[in-house]
1. For region 1-61, with only Lys/Arg (+1) and Asp/Glu (-1) charged at the beta-carbon, what is the dipole magnitude about the Cα centre, in debye rounded to 20?
2. Leaving out ligands and nucleic acids, and using a 1.4 Å probe, what accessible area per residue does region 4-145 come to in Å²?
3. What ranking, highest mean first, results for peptides 80-91, 42-53, 4-15 when packing means the other Cβ atoms within 10 Å averaged over each residue?
4. What full-extension length gain, to one decimal in nm, is calculated for Glu116 and Arg76 as 0.36 nm per residue of separation minus the Cα-Cα distance?
5. Over the chain, with every protein chain in place, what whole percent of the accessible area is carbon and sulfur at 1.4 Å, could you tell me?
6. Mind giving me the FRET efficiency for His144 and Arg95? R0 is 30 Å, r the Cβ-Cβ distance, nearest 0.05 is fine.
7. In the chain, which whole DSSP H runs stretch at least 20 Å along their own axis (Cα) and average -1.0 or higher on the Kyte-Doolittle scale?
Amino acid sequence: MTHRILFVCLGNICRSPAAEGAFRSRAPHFETDSAGTSGWHVGDPPYGPMQNAALVRGIDLGDLRARQFSAEDFHRFDLIIGMDARNIADIEDLRPAGNETPVRLLTDFAPETGAEHVPDPYYTRDFDGALDLIETAVEGLRAHLDD
Ligand code: 4NP
């Protein structure tokens, strides 16, 4: 059974906290967390413009704080979800020998969008576009896990 889900991006202040927040509001019975492959923002709350864009949709990210992804996360979670191919490569670099925890792209759960990754709004400044894709994908993830 998949109960513990970790969302991962680069900074852990935009995409992965948004994905965690959007998912937990739909599926509160799962244990969720998010992390960054970098340690650049450890201890920081989600980026203000992302918090504001999410709050307009009823998604409160205010309690979340950034931390860095580590090899132990492969043991602590049943499913690890990255936002882009670089995240997946950085996650896989830390996989312990013999560990088989699945690592997937969030966009795998939104095939109808044709998106191959979640563009980083820290650079694109398109927070609503990122949230549209994230919300579609976490809904697909929830449906997948309920099957
Ligand atoms: P995220 O976006 O990976 O979606 O949290 C970023 C946030 C900050 C930085 C890069 C990406 N940064 O370079 O500080």
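The values are calculated or read from the model by the stated rules, or taken from the named source; none is laboratory data. The structure displayed is predicted, hence computed values, not measured ones. Here the Cβ positions follow ideal geometry from the backbone for every residue, glycine too, while neighbour counts run over all protein chains shown. Heavy atoms of the whole protein, side chains included, go into the accessibility calculation; ligands, DNA and RNA do not. Shrake-Rupley method; radii C 1.70, N 1.55, O 1.52, S 1.80 Å.
1. Dipole magnitude for region 1-61 comes out near 180 debye.
2. 45
3. On the way: 80-91: 21.0, 42-53: 16.8, 4-15: 25.9.
My ranking of the peptides, most packed first, is 4-15, 80-91, 42-53.
4. Gain on stretching Glu116 to Arg76: 11.7 nm.
5. C and S atoms contribute 50 percent here.
6. E between His144 and Arg95, to the nearest 0.05, is 0.85.
7. Span-like helices, by this rule, are 127-146.
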